[in-house]
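Throughout, read-outs are computed from the coordinates displayed, never taken from laboratory work. It should be emphasised that the depicted structure is a prediction, and the values quoted were computed from it without experimental measurement. Cβ placement follows ideal geometry from the backbone for every residue including glycine, while neighbour counts extend to all protein chains displayed.
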Amino acid sequence: MKLRPRRSILYMPGANARALEKARTLPADGLILDMEDAVSPDSKELARRQIVESVTQGGYGSREIIVRVNGLNTAWGHDDVKAVAKIGADAILFPKVESPDEVLAAEEALAKAGAPADLPIWIMAETPRGILRIDAIAGASPRLTAIVMGTSDLAKEMRVRHTPDRIGFMAALSMCVMAARAHGQDIVDGVYLDLNDDAGFRAACEQGRDLGFDGKTLIHPKQLAAANEVFAPAEKDVENAGTIIEAWEQARREGKGVAVVNGKLVENLHVEEARRTLAVAEAIKAMAG
């Protein structure tokens, strides 16, 4: 099982050349080089140019490079896609997707721009209409491999307050996790806006992990360490996974269909999850090495 860790996905504004350079040294699993929300209208072309130059130059190591373009219904969207289709990004992220047709339009735009046929598409889930259609959206194309929650835009559209328990987001968050899992995709949680609230940020990461997210999108490098820690398998979980697999294999050698570990029944589904835990741990170790 080969997995790509997505514990920490850091937004970097494309108009900030210094940020693009600094990103090469940060311990993020992935980087969203942004042409959209983090860039003012008068800086859109600058952001596009600098992102193209930075990705073409390389030097980002094992970090996953995702480029967020402007929507195809904006003045910049199609030119963004043309500019980044063949620069070697790991994925192209499309904002405010609200229907399966928009996924297909993104796929068509990439094809017309000469993008590799296997270049992954990511989408933002950040509007009520998009959330209500998320299952159909997630299943629109095999090239769609990840969903990113846009909770700031969603809060505005839903008139939901940012509360510590995120009660107003629970339905949307769970719907998107279920859609991602139903279609074999990864999904990362939305950003945490208060940079001075370390405890609140960690709690939000833990909540996202427990809801089933693979990681969290971040707005500042100071958030990287906590996200990387929370969304990684704990040492005890790795040890327990190894014990489960060993007990299961022993049971199979003895002709048994189940095993017992620490007084708990172990079935095939537990073994699959244990193997995934070990695969994630190995993938994180490989990135660090």
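Counting every pair of alpha carbons in segment 1-134, the share spaced more than 23 Å apart comes to 30 percent.
A simple spin-label model places the labels of Ser99 and Thr25 4.7 nm from each other, with each point 7 Å out along Cα-to-Cβ.
Of the three principal axes defined by the Cα atoms of segment 8-230, the extents in descending order read 43, 37, 31 Å.
Dipole of the chain computed with +1 at Lys/Arg Cβ and -1 at Asp/Glu Cβ about the Cα centre; of Asn268, Val97, Gly14, farthest Cα towards the positive end is Gly14.
Taking DSSP loops as anything outside H, G, I, E and B, show the longest stretch in the chain free of trypsin sites (Lys or Arg not before Pro) there with at most 10 other beta carbons within 10 Å. It runs 3-158. Based on DSSP H segments of at least four residues, each scored -39500 (n - 2.57), the chain has a per-residue ellipticity at 222 nm of -14000 deg cm²/dmol.
Model label sites at Ile167 and Glu45, defined 7 Å from Cα along the beta-carbon direction, differ in position by 5.0 nm. Taken over the C-alpha atoms, segment 56-151 has Rg and Dmax values of 12.8, 40 angstrom. Taking the Cα centre of segment 235-288 as origin and assigning +1 to Lys and Arg Cβ atoms and -1 to Asp and Glu Cβ atoms, the resulting dipole is close to 100 debye. Note on the chain: with a GNM built from Cα contacts shorter than 10 Å, the maximum mean-square fluctuation among Glu98, Glu45, Glu246 falls on Glu246. Rounded to the nearest 20, the size of the Cβ-charge dipole of the chain about its Cα centre is 260 debye, with Lys and Arg at +1 and Asp and Glu at -1. Taking 0.36 nm per residue of separation and subtracting the current Cα-Cα distance, fully stretching the chain between Val260 and Lys112 would add 47.8 nm. Computed over the alpha-carbon atoms, segment 235-288 gives an Rg to Rh ratio of 1.04, Rh here being the Kirkwood radius from the mean inverse distance.
Mean projected area of the Cα convex hull of segment 130-189, taken over all directions, amounts to 3.9 nm².
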